[in-house]
Amino acid sequence: MLVGPAALAQAPALTMSVAGKSSTMSVSALKAQPRARAEVRTEQGQTSVYEGVLVGDLLARAGAPVGPGMRGTDITAYVVATAADGYTVVFSLTELNPHFTDSNIIVADTVDGGPLPDGQGPLRLIAPKDKHGTRWARQLQRLEVVSVKK
Ligand SMILES: Nc1nc2c(c(=O)[nH]1)N[C@H]1C(S)=C(S)[C@@H](COP(=O)(O)O)O[C@H]1N2
Ligand SMILES: [Mo]
């Protein structure tokens, strides 16, 4: 078993940063959250069903202001999602708030009933309403909430 920095580097987890406060959720803890499902059409034209947890729910647990009364400076916030290879995509916090939109954007941990294949998983962002897979960051590692106005 790995201990120390090596274990930290290899333990699969999602790091979230909200208002400068960082928290880490293990993949097993993420799997225990309420589940959501997203059916997508891949750029190869196949239908795939991803399952996981709403990004909005994860960010709410990390302290992000994604309630029904979201307004003011909270509406200026955006979320920077970073993958293992440095690939980076951005969402507005509002589009991730399930009280505001049915974007149904999830952090997926399964596809078509099985684990994500090597190179995609253990976690992948899925924005099922996007017409292209460009924001579906494979090997997601980090979500950072940034506010434009303080
Ligand atoms: N980590 C990571 N995720 C990524 C990319 C990438 O370069 N790195 N490319 C994106 C792009 S441009 C597309 S079109 C899709 C392709 O998804 P696929 O590998 O399932 O076909 O992954 C997206 N996710
Ligand atoms: Mo792409």
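Please express the shape of the chain as an equivalent ellipsoid: the semi-axes are the square roots of 5 times the eigenvalues of the C-alpha gyration tensor, given largest first in whole angstrom.
Whole-Å semi-axes of the equivalent ellipsoid: 23, 21, 13.
Full extension from residue 149 to residue 44: what is 0.36 nm times the residue separation minus their Cα-Cα distance, to one decimal in nm?
Length gained between residue 149 and residue 44: 33.8 nm.
Give the cross-link partners of residue 21 among the lysines, using a straight C-alpha distance below 26 Å as the criterion and excluding same-chain residues fewer than 8 apart.
Qualifying lysines at Cα under 26 Å: 31, 149, 150.
Give the order of 126, 75 when sorted by the count of other beta carbons within 10 angstrom, beginning with the fewest.
The order, fewest Cβ neighbours first, is 75, 126.
Projecting each Cα onto the charge dipole of the chain (Lys/Arg +1, Asp/Glu -1 at the beta carbon, about the Cα centre), which of 28, 96, 63 comes out farthest on the positive side?
63
Residue by residue, what Karplus-based ³J(HN,Hα) values in Hz, rounded to whole numbers, does the stretch 33-43 have, using 6.51, -1.76 and 1.60 with θ = phi - 60° and x for Gly and Pro?
Per residue, the Karplus-derived 3J(HN,Hα) values read 7, x, 8, 9, 10, 9, 9, 10, 9, 6, 5 Hz.
Would you work out if the stretch 79-133 is rounded, prolate or oblate? Take a ≥ b ≥ c from the square roots of the eigenvalues of the alpha-carbon gyration tensor; rounded if a/c is under 1.5, else prolate when a/b is larger than b/c, oblate otherwise.
In terms of gyration-tensor shape, oblate.
As a test of the formula, what do you get for the chain when each DSSP H run with n ≥ 4 contributes -39,500 (n - 2.57) and the sum is divided by the residue count, at 222 nm and rounded to the nearest 500 deg cm²/dmol?
-2500 deg cm²/dmol
Explain nothing, just the number: dipole magnitude of the chain about its Cα centre with +1 on each Lys and Arg Cβ and -1 on each Asp and Glu Cβ, in debye rounded to the nearest 20.
So the magnitude is around 380 debye.
Looking at the stretch 21-150 only, what percent of DSSP beta bridges run antiparallel? Nearest 5 please.
Percentage antiparallel, nearest 5: 100.
Can you give the extra length, in nm with one decimal, that the chain gains between residue 61 and residue 112 once fully stretched, where that is 0.36 nm per residue apart less the Cα-Cα distance?
Full extension of this stretch gives 15.7 nm more.
Laboratory data are not the source of any read-out in this text; all were calculated from the coordinates shown. Just so you know, these numbers come straight off a predicted model, no measurement behind them. Neighbour counts are summed over all protein chains in view; Cβ atoms, including those assigned to glycine, are modelled from backbone coordinates with ideal geometry.
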